[in-house]
Amino acid sequence: MGETDATTSFLLCSKCFVDEGLRIDSWKIGVEQEGVCPNCKSSGGRKLRKEQVLAIAHSFFVSGTTIRFDYGGAPCVQFNEHHYGNSSIAPSPWLDYDVKIIEEAGKIGFFHYGPRYWMLGEVEPLKALQDPSSRCEVIKRIVSEYPVRMLAKGSLFYRVRVNPQRPAEPDEYDCPPLQFVGRGRLDSTGFGVMYGSQDLDICIHECRVTAEDDIYVATLQPTKDL
């Protein structure tokens with residue numbers, strides 16, 4: 001691809017947008033490229049190709065309108081190429097221009113999304129799981145159908161502790177004492193679970209740490225296949 005082709009493949013830039021959130025999103029995902037934007041004629045914004053325009057449309061309008069329920073969730077807005085030129089949403093006035101240039105650049109149209117019931121938690125096994133009389137059968141099905149993953153002997157995983165009282169003691173990185181169990185996702189009263197991951201970022205995210213916390217990480221290995 002020549003230089004001219006690479007330049008003309010850009011459709012928008014981060015300075016095209018009126019909404020500040022879209023400006024920020026497009027700056028993060030855009031490409032630093034010399035030359036003027038074909039839409040707004042600015043030379044200071046980060047340039048966007050079609051795939052990046054579609055990514056912004058999804059993160060801002062689809063993920064950004066997702067409503068969470070007790071079980072599941074679904075977006076209020078979706079888009080596809082079949083609705084191009086026939087958008088049916090009524091955005092806030094300050095988004096009118098941004099919606100139009102996104103639709104034109106991506107050749108898409110936005111529409112109100114009527115989610116499938118399963119996305120909202122309307123799932124027969126889930127409803128049966130909430131009924132004590134049918135719960136055991138559902139649990140048996142989950143255990144039998146859920147995929148098994150082996151953690152091989154000698155492989156590494158991580159355990160993060162926030163503000164431990166004795167950070168040098170190995171016991172601090174084992175299962176929590178019984179008086180503290182029952183507050184996590186998988187442990188229950190009298191049944192302690194040690195939470196860890198082979199992805200250190202997941203450990204940090206799950207512990208909901210802050211910059212002020214004193215964070216310690218243990219690197220652990222299974223003594224047998226798990």
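All of the numbers you see were taken from the coordinates with simple rules; none came from a lab. Small disclaimer: the values here were computed from a predicted structure and weren't measured. Note that we place each Cβ from the backbone using ideal geometry, even for glycine, and neighbour counts take in every protein chain shown.
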Q: Of the options Leu95, Gly121, Thr223, report the single residue whose Cα projects farthest towards the positive end of the charge dipole of region 95-226 (beta-carbon charges: Lys, Arg +1; Asp, Glu -1).
A: Thr223
Q.
Under the rule a/c < 1.5 gives rounded, and otherwise a/b versus b/c splits prolate from oblate, where does region 42-141 land using the Cα gyration tensor?
A. prolate
Q) Among the lysines, which fall within straight-line cross-link reach of Lys153, defined as a Cα-Cα distance under 19 Å, with same-chain neighbours fewer than 8 residues apart omitted? A) Lys224
Q: Using DSSP to define loop residues, name the GluC sites (Glu not before Pro) in region 34-142 whose beta-carbon has at most 15 other beta-carbon atoms within 10 Å.
A: Glu34, Glu122
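Classify region 99-184 from the C-alpha gyration tensor, please: rounded if a/c falls under 1.5, else prolate or oblate depending on whether a/b exceeds b/c.
Values: a/c = 2.47, a/b = 1.48, b/c = 1.67.
Taking the square roots of the gyration eigenvalues as a ≥ b ≥ c, region 99-184 is oblate.
As an exercise, identify the chymotrypsin sites (Phe, Trp or Tyr not before Pro) in region 44-142 lying in DSSP coil whose Cβ has no more than 15 other Cβ atoms within 10 Å. Can you show the working numbers first?
Numbers: sites: Phe60, Phe61, Phe69, Tyr71, Phe79, Tyr84, Trp94, Tyr97, Phe110, Phe111, Tyr113, Tyr117, Trp118; in loops: Phe69, Tyr71, Tyr84, Tyr113.
Of the chymotrypsin sites (Phe, Trp or Tyr not before Pro), the ones in loops of region 44-142 whose Cβ has at most 15 other Cβ atoms within 10 Å are Phe69, Tyr71, Tyr84.
What relative contact order, as a whole-number percentage, does region 49-113 give when Cα pairs under 8 Å and 6 or more residues apart are counted? Write down the numbers at each step before the final one.
Numbers: 81 pairs, mean separation 24.7, N = 65.
Here the relative contact order equals 38 percent.
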Q) So, in nm, how far is label Trp27 from label Ser188 when the simple model puts each one 7 Å beyond its Cα toward the Cβ? A) 5.0
Q. What are the ³J(HN,Hα) values, in whole Hz, obtained from phi via the Karplus relation 6.51 cos²θ - 1.76 cosθ + 1.60 with θ = phi - 60°, for each residue of region 161-172 in sequence order, with x given for Gly and Pro?
A. 10, 9, 6, x, 6, 10, x, 7, 8, x, 4, 5
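Pairs of alpha-carbon atoms within less than 8 angstrom and 6+ residues apart define the contacts here; what relative contact order does the chain have, in percent? Spell out each step's value before the answer.
On the way: 318 pairs, mean separation 33.4, N = 226.
Averaging sequence separation for qualifying contacts and normalising by length gives 15 percent for the chain.
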Q: Could you check the simple spin-label distance between Tyr195 and Val217, using points 7 Å along Cα→Cβ, in nm with one decimal?
A: 1.7
Q) If one takes the longest principal axis of the Cα atoms in the chain, at what angle in degrees, from 0 to 90 and to the nearest 10, does the Cα axis of helix 135-145 lie? A) 70
**Q.** Local net charge near Gly44, Cβ-Cβ under 13 Å (Lys/Arg +1, Asp/Glu -1)
**A.** +3
Q: Estimate the FRET efficiency between Ile142 and Arg208 by the formula 1/(1 + (r/R0)^6), using the beta-carbon distance for r and 25 Å for R0, to the nearest 0.05.
A: 0.40
Q. How about Lys41: which lysines have a C-alpha closer than 29 Å to its C-alpha, ignoring those fewer than 8 places off in the same chain?
A. Lys15, Lys28, Lys50, Lys100, Lys107
Q: Treating cross-link reach as a plain straight distance, find the lysines whose alpha-carbon is under 19 Å from the alpha-carbon of Lys140, omitting any fewer than eight places away in the same chain.
A: Lys127
(Q) Just to confirm the number: angle between the C-alpha axis of helix 96-106 and the first principal axis of the chain, 0 to 90 degrees, nearest 10? (A) 90
Q. What longest range of the chain stays clear of loop-exposed trypsin sites (Lys or Arg not before Pro) (DSSP non-H/G/I/E/B, at most 14 other C-beta within 10 angstrom)?
A. 42-106
